[in-house]
Every structure is written in C-alpha cells, then in structure tokens.
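Colleague: Please find one structure pasted underneath; my questions will follow.
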Amino acid sequence: MIRVDHAGEYGARRIYEGQLAVLGRSACAPTLKHMHEQELHHLRTFEDLMVQNRVRPTALQPVWHIAGFALGAATAMLGEKAAMACTVAVEEVIDEHYAGQQARLGDDQAALKDTIETFRQEELEHRDIGLQHGAEETPGYELLSGAVKAGSRLAIWLSERF
C-alpha cells in the first residue's frame, strides 16, 4: 500500500514538473506550483513511511519518472485547459484508490488512514481546481480524460505488483 502510494505521489510530482516546464510562465503557473508543492509534501511523507516500514519503492520508478513528466508536458503543450483535464482525470482515479485503501485499513492503522484521508482531500481540491480552470472545455475532453484514467489505473496496478 505504501509502495503504490509513494509511486503515485512520485508520478504526480513528475506530471506537475512536466506541466511547469511548459506552462511555468503562464497565468496558471501559480496554481500548478501550489498543487506541485502539495504533491511534494505527500511524496516526502510516503518516503518517510517507506523507511519506517521497510518498504521498497516500485521497480518501475524510472518508468514513472519519464512517463509522469512526459504526460505533464504533453498535456501542457495542448494548453492550460488540457493540463487541467489531466489533473482532473488523475485525481479522480486517486480519489477512488485512496478511498479503497481507507476501507481496507483497520483501526490499528489509524495514523496511515488519517494521512490517506488528508491527502485524498487535497487531491480532491486539485480536481476541483482543474474543473474551475476549464478542464471540461478541453477539445476531446472525454477521450483525453479516459486515456489518462486508464493509464493511471494501469500504473497503480503495476506499482502494486512490481
């Protein structure tokens, strides 16, 4: 559980870094930087939990390093709204993922459960920000959203196993 969450937060960090590489001087840059900072906090938290719980990172981290940045940069090249559409799609999958994890955690894992809930709420904030910034106005929104969601679900599945 900690390994896949770390992988997801690592990928999110790289997505925002890709978006900022393209849109770093645009009107939405402060918003992207805010979300990036929150993802960095999430990532550091899971890095600490990995050490505490002796959990190894996913073997696919080098793939997520490249794929996350590429996804962020590619959607940003399509425009600010497409970058936000990417954020909305990823965050909707993460919301489902975190909610499922919370349901599986027992009372003996209250601290991890609370951390996941806090991060889930911040991810939902990112989704809402994306929607407020016109994500759904992206040409081909449904197709882009569906592709990003499928890729995100695949990344979760692979990170759970490797």
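The values are calculated or read from the model by the stated rules, or taken from the named source; none is laboratory data. It should be emphasised that the depicted structure is a prediction, and the values quoted were computed from it without experimental measurement. Reconstructed Cβ throughout: ideal geometry from the backbone, glycine too, with neighbour counts over all protein chains shown. Protein only, heavy atoms only, side chains kept; ligands, DNA and RNA dropped before computing areas. Shrake-Rupley method; radii C 1.70, N 1.55, O 1.52, S 1.80 Å.
Colleague: Local charge sum around Glu160 (other residues, Cβ-Cβ under 15 Å, Lys/Arg +1, Asp/Glu -1)?
Modeller: Working: positive: Arg3, Arg56, Arg104, Arg153, Arg161; negative: Asp5, Glu9, Glu96.
Neighbourhood net charge equals +2.
Colleague: For a quick check of understanding: with a 1.4 angstrom probe and all protein chains in place, what accessible area in square angstrom does Leu144 have, to the nearest ten?
Modeller: Around 30 Å² of this residue is reachable by solvent.
Colleague: Which aspartates and glutamates, on any chain, are close to Lys81 with Cα under 19 Å apart, when same-chain ones fewer than 8 places away are left out?
Modeller: Correct list for Lys81: Glu17, Glu91, Glu92, Glu123, Glu125, Asp128, Glu136, Glu137, Glu142.
Colleague: Here's a follow-up. Over the chain, what percent of the accessible surface lies on carbon and sulfur atoms, probe 1.4 Å? Before the final figure, lay out the partial values.
Modeller: Details: 4530 of 7970 Å².
Of all accessible area on the chain, carbon and sulfur atoms account for 57 percent.
Colleague: Give the accessible area for Val22 in Å² (nearest 10); use a 1.4 Å probe, count only protein heavy atoms, and leave out ligands, DNA and RNA.
Modeller: 60 Å²
Colleague: Something else: Please calculate the 1.4 Å probe accessible area of Val4, with all protein chains present, and give it to the nearest 10 Å².
Modeller: Surface open to solvent at Val4 totals about 10 Å².
Colleague: So, in nm, how far is label Leu143 from label Trp157 when the simple model puts each one 7 Å beyond its Cα toward the Cβ?
Modeller: Reported label-point gap for Leu143 and Trp157 is 2.3 nm.
Colleague: Rolling a 1.4 Å sphere over the protein heavy atoms, what is the accessible area per residue of the stretch 1-105, to the nearest Å²? Don't skip to the end; give the middle numbers.
Modeller: On the way: 4670 Å² over 105 residues.
Accessible area per residue: 44 Å².
Colleague: In what order, largest first, do Lys81, Lys33 sit by accessible area if the probe radius is 1.4 Å?
Modeller: On the way: Lys81 85, Lys33 105 Å².
Sorted descending by solvent-accessible area, the residues read Lys33, Lys81.
Colleague: If you don't mind, there's one more thing I want to ask. Quick one: P(r) of the chain from all Cα-Cα pairs, 5 Å bins, percents rounded to integers, in order of increasing distance.
Modeller: Bins of 5 Å from zero give 2, 10, 19, 24, 21, 13, 7, 3, 1, 0 percent of pairs.
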